[in-house]
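*Asks:* Right, I'll just put the structure down here and ask away after.
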Amino acid sequence: MKDMANERILELTFCSGAGTVTGANFLLEGNEKKFLVDCGLIQGEKFVDDLNWAKFPYDASSIDILFITHSHVDHIGRIPKLISEGFKGKIISTVPTRELAEIMLADTAHILSRDTEHGLAEIYSVENIKRALELWETLEYGQKLNVDHGFQFSYKDAGHILGSGMLEIIYNDRKIVFTGDLGNSPSPLLPDTEPLKNVDYMVMESCYGDRNHEKREERKKRLEEVIKNNFERKGALIIPTFSLERTQELLYEINSLVENNIIPRMPIFLDSPLSIKLTDAYLKYDKYFNEKARRIIATGDKLFDFPGLEKTLETDQSKAILNVHPPKIIIAGSGMSNGGRILHHEINYLPGKENTILLTGYQSFGTLGRLIEDGAKKLHILGEEVIVRANVAKISGYSGHKDSDHLVEFVENTANTLKKTFVVMGEPKSSMFLAQKLRDNLNIKAFTPNSGETVTLEC
Ligand SMILES: [Zn+2]
């Protein structure tokens, strides 16, 4: 038998998700074990980049466990591909992540199976998704999973979306952490990101590594202002929204504005089948909400439902929104306007100067949302030329990610023990800015690895 104490080196490969926001996929190997952390879609200008369909740089059948940090598509979207390349290990996540991932994968499969060029119908088949769920086991936050050859795994609450977890790995008394995405605490719905201690190696996100958000107290006030303003302009307020978490946060805040009579009554449409399904799933997992949200539920409040809200599941219902007299509010996907029903609303409402488009989240480079954010006056949407005269409003406090200062503060808590910090999952300038800030402010070794790069961790 091998003396495990002698295996003091682990290798970490940033297969993708380094130097870019999306496509998280990291390989940790050593002592005859191979673990993956996340298996996400690479997204950008298109919902999926062609890069996704290259073969994985490892033998999928040799992977022991795939750990998932959370159910966003850029962290789970290539699981069916991993299955199709022969993966037969275990998949591990928290309990809500598994359920939300099932909904997200079905939705992704629905979109991607139309692609005939890369044989995606075969990869995103019902069978491959079913197989993934058969291999998928869950952990509660804090529950420890011991794996042979001396590895121990557990999740801490990342506070990013429901079920999101930072993966902590203990090996030879060393602690390695993959943060996944880090929540912009305090969130209206979720508990705060748990603090970390005694971390030796950290792989961290940097989506907002070079920017700070508006003050969080101001975001509900701004939402109130934008809604009131739209009422006075008698316009349509269209809100491109991420279906997962952002939609539920928004509904929760509009719920409180409506029920406390702070905003005037007007029709509000939740025009996204995916959002409607995810919102239903959220209601099953209220034990993972923060104390305040749980207290409100205990009073009998529905949290995501209020007078005036209409959930338009069917296409006909969605089309009929156009006939409803403004003022009205339409919440639809996708959050970066790179697909989904929001595109039809943008064609209908962006040309009207009485209307408003409210951006509530990160708009990645190359997306339609980014063009709107940057003030483009003429757009091409679904083959139509669209002139933008609508008011473009933004609330950055709604971001689901920690901003630059809070990322530094988060690392500071464990700076005294950190040997190396790898800054990933951000645009290059954002990752580099954060790494420099961590070096300057905390005097730690922070790196920005390249995609495909392998580093060694001494344990
Ligand atoms: Zn995320």
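*Asks:* So which of Lys130/Lys287; Lys215/Lys378; Lys88/Lys156 end up more than 29 Å apart by C-alpha? Write down the numbers at each step before the final one.
*Replies:* Details: Lys130/Lys287 27 Å; Lys215/Lys378 31 Å; Lys88/Lys156 26 Å.
Those over the limit are Lys215/Lys378.
*Asks:* Going through segment 294-372, which GluC sites (Glu not before Pro) have at most 15 other Cβ atoms within 10 Å and a DSSP loop state? Display every interim value, and only then the final one.
*Replies:* Numbers: sites: Glu310, Glu314, Glu346, Glu354; in loops: Glu314, Glu354.
Those that pass, being in a loop and sparsely packed, are Glu314.
*Asks:* Starting from the Cα of Glu32, move 7 Å in the Cα-to-Cβ direction to define the label point; list residues of segment 55-91 whose amide nitrogen is under 20 Å from there.
*Replies:* 59-66, 88-90
*Asks:* Still on this model: Using a/c under 1.5 as the rounded threshold, could you call segment 208-366 rounded, prolate or oblate? The axes a ≥ b ≥ c are square roots of the C-alpha gyration tensor eigenvalues, and prolate needs a/b larger than b/c, oblate otherwise. If you can, show how the numbers build up before the last one.
*Replies:* Details: a/c = 1.33, a/b = 1.24, b/c = 1.08.
Rounded.
*Asks:* Shifting gears a bit: Looking at the square roots a ≥ b ≥ c of the eigenvalues of the Cα gyration tensor of segment 81-131, which shape do they give, rounded for a/c under 1.5, prolate if a/b is larger than b/c, or oblate? Please report the intermediate quantities before stating the final value.
*Replies:* Numbers: a/c = 3.02, a/b = 1.42, b/c = 2.12.
It is oblate, given that a/c is not under 1.5 and a/b is not larger than b/c.
*Asks:* Bins of 5 Å, beginning at zero and ending with the bin holding the largest distance: percent of Cα pairs per bin for segment 138-211, please.
*Replies:* P(r) over segment 138-211, rounded to whole percents: 3, 16, 24, 24, 17, 9, 4, 1, 0.
*Asks:* Quick one: go through segment 381-424 and flag any residue whose amide nitrogen is under 18 Å from the point 7 Å out along the Cα-to-Cβ line of Glu458.
*Replies:* 416-422, by backbone N distance to the label point.
*Asks:* Right, something else. Which lysines, if any, have their Cα less than 19 Å from the Cα of Lys419, not counting same-chain residues under 8 positions apart?
*Replies:* Lys175, Lys197, Lys437, Lys445
*Asks:* Something else about it: With the radius of gyration and the Kirkwood radius both derived from the Cα set of the chain, what is their ratio Rg to Rh? All intermediate terms of the calculation are to be shown ahead of the outcome.
*Replies:* Numbers: Rg = 22.0 Å, Rh = 22.7 Å.
With Rh from the inverse mean 1/r over Cα pairs, Rg/Rh is 0.97.
*Asks:* Between Phe365 and Arg294, what length in nm is gained on full extension when 0.36 nm per residue of separation is reduced by their alpha carbon distance? Please report the intermediate quantities before stating the final value.
*Replies:* Working: separation 71, 0.36 × 71 = 25.56 nm, distance 3.68 nm.
That works out to 21.9 nm of additional length.
*Asks:* Multiply the residue separation of Asn172 and Glu217 by 0.36 nm, subtract the distance between their alpha-carbon atoms, and state the gained length in nm to one decimal. Numbers along the way, then the final one.
*Replies:* Numbers: separation 45, 0.36 × 45 = 16.20 nm, distance 4.32 nm.
So the extension gain works out to 11.9 nm.
*Asks:* Using alpha carbon centroids, what distance separates segment 302-367 and segment 172-195, in Å?
*Replies:* 31
*Asks:* Could you work out what % of the accessible surface of the chain is carbon and sulfur, using a 1.4 angstrom probe and leaving DNA, RNA and ligands out of the count? All intermediate terms of the calculation are to be shown ahead of the outcome.
*Replies:* Values: 9260 of 18720 Å².
About 49 percent, which is the carbon plus sulfur part of the accessible surface.
*Asks:* So, in nm, how far is label Lys144 from label Leu313 when the simple model puts each one 7 Å beyond its Cα toward the Cβ?
*Replies:* 4.5
*Asks:* Still on this model: Please give me, ordered by residue number, the trypsin sites (Lys or Arg not before Pro) of segment 267-323 that lie in loop per DSSP and have at most 16 other Cβ atoms within 10 Å.
*Replies:* Working: sites: Lys277, Lys284, Lys287, Lys292, Arg294, Arg295, Lys302, Lys311, Lys319; in loops: Lys302.
Of the trypsin sites (Lys or Arg not before Pro), the ones in loops of segment 267-323 whose Cβ has at most 16 other Cβ atoms within 10 Å are Lys302.
*Asks:* Expressed in nm to one decimal, what extension gain is obtained for the pair Lys429 and Asp50 from 0.36 nm per residue of sequence separation less their Cα-Cα distance? All intermediate terms of the calculation are to be shown ahead of the outcome.
*Replies:* Numbers: separation 379, 0.36 × 379 = 136.44 nm, distance 2.31 nm.
Working it through step by step, the gained length comes to 134.1 nm.
*Asks:* Compute the FRET efficiency between Lys228 and Ser113 as 1/(1 + (r/R0)^6), taking r as their Cβ-Cβ distance and R0 = 30 Å, and round to the nearest 0.05.
*Replies:* Numbers: r = 43 Å, r/R0 = 1.42.
Once the sixth-power term is evaluated, E becomes 0.10.
*Asks:* What does the helix-only formula give at 222 nm for the chain: each DSSP H stretch with n ≥ 4 adding -39500 (n - 2.57), the total divided by the residues, and the result rounded to the nearest 500 deg cm²/dmol? Kindly include the intermediate steps, with their values, before the conclusion.
*Replies:* On the way: 14 runs with 138 residues, N = 459.
-9000 deg cm²/dmol, from helical runs alone.
The values are calculated or read from the model by the stated rules, or taken from the named source; none is laboratory data. These numbers come from a predicted model, not from an experiment. Cβ sites come from the backbone with ideal geometry, for glycine too, and all protein chains shown count toward neighbours. Ligands, DNA and RNA are stripped out before the accessible areas are found, and what is left, the full protein with its side chains, is counted by its heavy atoms. Shrake-Rupley method; radii C 1.70, N 1.55, O 1.52, S 1.80 Å.
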